[in-house]
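Notes follow once the structure below has been shown.
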Amino acid sequence: MNKFFTFIFFNILVLSGSSQIQLIAFDSIPIQRNAQPLSNAWAGGFNCPQFSEIDLNNDGKKDLVTFERNFYGVVKTFINTGNAGESVYKYDPSFRMFFPQMRNWMLLRDYNCDGKEDIFTSVPAGIAVYRNDSEGANLKFSQVTFLLIGEGLNGPGPVYVSPPDIPAIEDIDGDGDLDILSFNIVGSTVEYHKNLSMELYGNCSALEFELKNTCWGYFIEDNNNNNVTLFDTCDVNVPNPEKSEKHPGSSLLAIDLSGNGVKDILIGDINYPNLIMLTNGGTNTSAVMKDFSGSFPPNTTPVNITMFPASYFLDADNDGLKDLIVAPNNPNTSENFNNVWLYKNVGDEMIPAFEFQKSNFLFDEMIDVGERSFPVFFDENSDGLSDIVAGNFGYFEEAGSYSSQLMLLRNTGTATDPAFEVVNADYSSLGQLGFNGIYPAFGDMDDDGDDDMISGDEDGSLHFFRNNGGSGNHADFILTEAFYFGIDVGQSAKPQIVDINRDGLPDLLVGERSGTLNYFENSGTPGQAVFTAAPSVEEFGNVDVMPDCCTGYSAPFMTTDSLGRSILYVGSEQGMLYLFSNIDNNLDGTFDKIDSLYTQTINLSISGADLDGDGFSEFVTGEFPGGIGFLKKGNPPSLGISDNKMNENLVKVYPNPAKDFINIKLEKTIGNSTIQLSDIMGKAVLRESLIRGEHYKNLDISNLARGIYFLHINVGTNLITKKVVIE
């Protein structure tokens, strides 16, 4: 599957039902690294953040919103607390709930000139728009269009943006409304979609687009590298220039670098670390690129990001001048600690000049454990306080290569007031073992009074580390048995050591990539655990957190409620946290799913402990970009926008796999609906609609090639995605 189509989420929202798991996010636990406090430690890490500015709290200052690229992306909100000339932001997750579910890219731009930034975001092969209808500090977005339509060469059609790309959304022609630049669907030329709002209505409040030029700037980018041919002879409106080949992916930023009133362009490409600068020698209505440079910005440290840079123009330091932020645009080839580059604008408002400041903007205040963090509570030094040991898929080293390690965060607080310190980024030197992922679990497997460690890996295996530290001492782990009892759950083994059947022996509960759980019963003795290679119960409790479209990555945490009954939390790839009951005396049966919580987290994992002595568990969470967060008892906030409900029970799709046709059935009537079937590259291959009152649609797919497709159904204001396999 295309690397841009990993399924992911984040915030504290409900998927279905009227109840919610009573947990809320919080980030008030202090932590230090190298004796320095971290102000945004629990913000959750970054892989490929996209940056926009907006006044979230109506205090007159522009705050930061980041969007983590993926099939379903993650919004993070940072309040601007800096004074003039300062770059100080405080992570505040409370605003994220007001943003809709989105994917691939998000840019905040004020299209209707009301001073409030609106949302432009990716839908298959195009753009959706949400208007900012906030009043005062009450943030609110309303969907304007599910798919932005413009007048093309052959009549109306979507304003196309390839899913890997980031378009430029700026006033290109200087008439006061926002236009759009994006790469052609099959070539290496840039299309100019002109907004006709000013011409038609005399104001900027409309989104009326016309494809004015399929070769804006008269340049062509080479498909085999990121070289550019200037003054190309491509015609203004030739749909497919002869030199065109399939476009692999680019980011665009339209910016006036010379103060002449016309937009130059910055391009980042999917296989390259640098930005290309193209200088516009034309006018604001007829662009002609006259020069290009592969080393930008000039006269300072040029951009050199691992792969696929994207640039963002905003005021990061409250000096009234827009600065430049550059970050990677590919979630799977992102360096972990130095991948957000900040360039200060040392020029002026008319002619910006950029000076390199740092390569770890915001990162220097965060905890980031590489990719797919997996934190677990464990008292490492036997002082009675819960420390955190965080595993990971790995730290990025180079394309396709990761170093899997453990990070130790020691609890230096008290039994009622926790505080943490980063002690070791390669705890127990496990990075030397070369495992493909390290996902730890802790428990006393040999009845010697100290907790041993069993680690899962991405290949589905488990590995046993005996603790030779002894009771009351610091843990000292030694790899004793690799490929523990030959257990192999397939992929991405996420274990927990817990006495499932309550016989006094520690059993194993293991999640996996497919979304199910595996129960391995310990048939040994207190001093010698014994397991079989095959699970005692496969698909334990009939739990399956894999949605129709993607994968599951189940991550279990079993504990007991206030009455001593077993309950089971399960994290998932799409950020849903599920709660199950009816477990005791029902280990071969089906558990009851009693609650769910949408945490807007990618590859959610969870581990619980009472950190403050109030009798309630706090939960530490891990996620795909490598961050660590916390949940505590509380009432989750209400939804700010109905898209976040994502009630997929509204729609049934069958048969699946399919061959000649697909049936779509709505469980109830919800106004007009849009249906789109897209291939894995995001190209729409079929579009239909359901008018108000219709419950059923039959799609003819007999002419489509075999493979995986994604069915996107716009039901009212809900956007529902289903994976469809065509045989």
Yes/no for residue 454 being within 20 Å of residue 529 (Cβ to Cβ), of a type outside the set (Gly, Ala, Ser) and crowded, with 23+ Cβ neighbours inside 10 Å: yes
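Output the residues belonging to the stretch 700-717 that are surrounded by fewer than 20 Cβ atoms within 10 Å (Cβ to Cβ) and either more than 28 Å from residue 183 (Cα to Cα) or modelled with pLDDT of 75 or more (or both). Lay out the reasoning, then the answer.
Here is the first cut: in the stretch 700-717, the ones surrounded by fewer than 20 Cβ atoms within 10 Å (Cβ to Cβ) are 700-708, 716-717.
Hits for the stretch 700-717 are 700, 701, 702, 703, 704, 705, 706, 707, 716, 717.
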Qualifying residue in the stretch 316-339 (condition: more than 22 Å from the chain's Cα centre (by Cα), of a type in the set (Gly, Ala, Ser) and either over 28 Å from residue 103 (Cα atoms) or not in a strand (DSSP E or B) (or both)): yes
Selected residue [under 15 Å from residue 353 (Cβ atoms), assigned to a loop (DSSP other than H, G, I, E, B) and at pLDDT below 95] from 286, 258: 258
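If you check 436, 381, which single one turns out to be touching a His at 6+ places or on another chain (Cβ under 6 Å) and assigned to a loop (DSSP other than H, G, I, E, B)?
Working: 436 fails: touching a His at 6+ places or on another chain (Cβ under 6 Å).
Every option except 381 fails the conditions.
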Evaluation of residue 60 against (1) at positive phi; (2) touching a residue at least 12 places away in the same chain (Cβ under 8 Å); (3) not polar (S, T, N, Q) (one fails), failing number: (2)
Given (1) within 28 Å of residue 554 (Cβ to Cβ); (2) more than 26 Å from the chain's Cα centre (by Cα); (3) in a strand (DSSP E or B), number of the condition residue 410 does not satisfy: (1)
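Does residue 420 fit the bill of being modelled with pLDDT of 95 or more, among the aromatic types (Phe, Trp, Tyr), crowded, with 18+ Cβ neighbours inside 10 Å and more than 25 Å from residue 509 (Cα to Cα)? Working first, answer last.
Details: modelled with pLDDT of 95 or more: yes; among the aromatic types (Phe, Trp, Tyr): yes; crowded, with 18+ Cβ neighbours inside 10 Å: yes; more than 25 Å from residue 509 (Cα to Cα): yes.
Yes, satisfied.
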Residue that is modelled with the lowest pLDDT, among those in the stretch 211-235 that are open to solvent by 60 Å² or more (accessible area, probe 1.4 Å) and in contact with a strand residue (DSSP E or B) (Cβ under 9 Å, 6 or more places away or on another chain): 222
Count - residues of the stretch 671-699 that are in contact with a strand residue (DSSP E or B) (Cβ under 7 Å, 6 or more places away or on another chain), open to solvent by less than 10 Å² (accessible area, probe 1.4 Å) and either under 22 Å from residue 100 (Cβ atoms) or at pLDDT below 65 (or both): 6
Close pairs (7 angstrom Cβ cut-off, 6 or more residues apart or separate chains): among the polar types (S, T, N, Q) in the stretch 510-526, not in a loop (DSSP other than H, G, I, E, B) anywhere: 516/544; 518/510; 518/538; 518/540; 522/507
The stretch 91-125, residues that are over 17 Å from residue 712 (Cβ atoms), under 20 Å from the mean Cα position of the chain (by Cα) and among the basic types (Lys, Arg): 96
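State yes or no: is residue 502 surrounded by fewer than 22 Cβ atoms within 10 Å (Cβ to Cβ), in contact with a Ser or Thr (Cβ under 6 Å, 6 or more places away or on another chain) and either charged (D, E, K, R) or not in a strand (DSSP E or B) (or both)?
When the stated conditions are applied, residue 502 does not pass them.
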One residue from 459, 446 being modelled with pLDDT of 95 or more, within 23 Å of residue 526 (Cα to Cα), assigned to a loop (DSSP other than H, G, I, E, B) and open to solvent by 10 Å² or more (accessible area, probe 1.4 Å): 446
Cβ-Cβ under 6 Å pairs, at least 6 apart or on other chains, the stretch 610-638 side acidic (Asp, Glu), far side surrounded by fewer than 17 Cβ atoms within 10 Å (Cβ to Cβ) and modelled with pLDDT of 95 or more: 612/416
Residue check, residue 183 at pLDDT 95 or above, of a type in the set (Phe, Trp, Tyr) and in contact with a Gly (Cβ under 9 Å, 6 or more places away or on another chain): no
Which numbered condition residue 349 fails, given (1) under 30 Å from residue 266 (Cβ atoms); (2) open to solvent by less than 50 Å² (accessible area, probe 1.4 Å); (3) in contact with a Lys or Arg (Cβ under 9 Å, 6 or more places away or on another chain); (4) part of a loop (DSSP other than H, G, I, E, B): (2)
Count - residues of the stretch 382-400 that are open to solvent by less than 30 Å² (accessible area, probe 1.4 Å), within 21 Å of the chain's Cα centre (by Cα) and not aromatic (Phe, Trp, Tyr): 4
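Regarding residue 593, is this residue over 27 Å from residue 139 (Cβ atoms) and either outside any loop (DSSP other than H, G, I, E, B) or open to solvent by 20 Å² or more (accessible area, probe 1.4 Å) (or both)?
Numbers: over 27 Å from residue 139 (Cβ atoms): yes; either outside any loop (DSSP other than H, G, I, E, B) or open to solvent by 20 Å² or more (accessible area, probe 1.4 Å) (or both): yes.
Spelling it out, residue 593 is indeed over 27 Å from residue 139 (Cβ atoms) and either outside any loop (DSSP other than H, G, I, E, B) or open to solvent by 20 Å² or more (accessible area, probe 1.4 Å) (or both).
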Residue match in the stretch 289-300 (condition: in contact with a Gly (Cβ under 7 Å, 6 or more places away or on another chain), more than 27 Å from residue 409 (Cα to Cα) and surrounded by fewer than 24 Cβ atoms within 10 Å (Cβ to Cβ)): yes
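Looking only at the stretch 352-381, which residues are polar (S, T, N, Q) and either open to solvent by 30 Å² or more (accessible area, probe 1.4 Å) or farther than 19 Å from residue 601 by Cα (or both)? Can you show your working first?
The first filter runs over the stretch 352-381 and keeps only residues polar (S, T, N, Q), leaving 357, 359-360, 373, 381.
Of everything in the stretch 352-381, those that are polar (S, T, N, Q) and either open to solvent by 30 Å² or more (accessible area, probe 1.4 Å) or farther than 19 Å from residue 601 by Cα (or both) turn out to be 357, 359, 360, 381.
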Positions within the stretch 114-126 being modelled with pLDDT of 95 or more and either open to solvent by less than 10 Å² (accessible area, probe 1.4 Å) or farther than 22 Å from residue 57 by Cβ (or both), in sequence order: 118, 119, 120, 121
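The values are calculated or read from the model by the stated rules, or taken from the named source; none is laboratory data. These numbers come from a predicted model, not from an experiment. Ideal geometry is used to build each Cβ from the backbone, glycine not excepted, and the neighbour counts take in all protein chains shown. Only protein heavy atoms, including side chains, enter the accessible area calculation; ligands, DNA and RNA are left aside. Shrake-Rupley method; radii C 1.70, N 1.55, O 1.52, S 1.80 Å.
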